[in-house]
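Accompanying notes for the structure given below.
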Amino acid sequence: MVAPVPVAAVKQTWRALQVWPAGGRWKAALGIALPAVAVIVLSGFLGGWLRFDPVTDLPSSLIAAAILFVVPALVEELVFRGVLLSWFATVSQRWGNWLSIGLFVLWHPVQALTFGPPWSAIFLQPSFLFATFILGIVLTHIRIVSQSLWPVIVIHWLLVAVWKLLFGGPFY
């Protein structure tokens, strides 16, 4: 049985925010992320939720990019690759990783069913959930290897921002 979120998990998350990885770790993170991005892009095009449709309003794009940095990138990574991963790893690193990934994937249909539309239909598609699963695995691995939350926050942010600003991802 997993106990309530311990202070240690919050402290470990805070420490992971204070670490800015060296250049080699960023390069390694990108080397892990890029093949996964190819799988995610393929899933998106096949699933129909990814199509080239750039936003043309630059001021709105900049505001959206700033908001997307906070929600979902920063907030979700603090929760799933920060506190939850640290907390679950106290019981078992392997099972903690998979539980964190599973909850990350399940969070998306929960959003669809509670906050949706316009994104509810997409967040319930098997191809989107598959892409989310792949992203969860990759971000969890990068978080563990880099010992920092910054690579996963930045990668998550870039993927969502590119999707919403260039490839037809829904807003609001």
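List of remarks:
- Residue within region 72-85 that is assigned to a helix (DSSP H, G or I), in contact with a helix residue (DSSP H, G or I) (Cβ under 9 Å, 6 or more places away or on another chain) and exposed (fewer than 15 other Cβ atoms within 10 Å of the Cβ) present: no
- If you filter region 17-42 down to residues that are more than 16 Å from the chain's Cα centre (by Cα) and among the aliphatic types (A, V, I, L, M), you find that the one that is farthest from T140 (Cα to Cα) is L42.
- Hits in region 101-148 (condition: of a type in the set (G, A, S) and either modelled with pLDDT under 95 or more than 18 Å from G169 (Cα to Cα) (or both)): G102, A112, G116, S120, A121, G136, S146, S148
- Every residue from region 1-37 that is over 25 Å from S92 (Cβ atoms), loosely packed, with under 14 Cβ neighbours inside 10 Å and of a type outside the set (A, V, I, L, M, F, W, C): Q18, G23, G24, K27, G31, P35
- Test: residue in region 89-100 that is farther than 25 Å from W14 by Cα and either surrounded by fewer than 20 Cβ atoms within 10 Å (Cβ to Cβ) or of a type outside the set (A, V, I, L, M, F, W, C) (or both): no
- Condition met for Q147 (at positive phi, over 10 Å from the mean Cα position of the chain (by Cα) and not aromatic (F, W, Y)): yes
- Residue in region 58-66 that is of a type outside the set (D, E), without any contact (Cβ under 8 Å) to a residue 12 or more places away in the chain and surrounded by 12 or more Cβ atoms within 10 Å (Cβ to Cβ) present: yes
The values are calculated or read from the model by the stated rules, or taken from the named source; none is laboratory data. This is a predicted model, so every value here is computed, not measured. Here the Cβ is made from the backbone with ideal geometry for all residues, glycine too, and neighbour counts use every protein chain on show.
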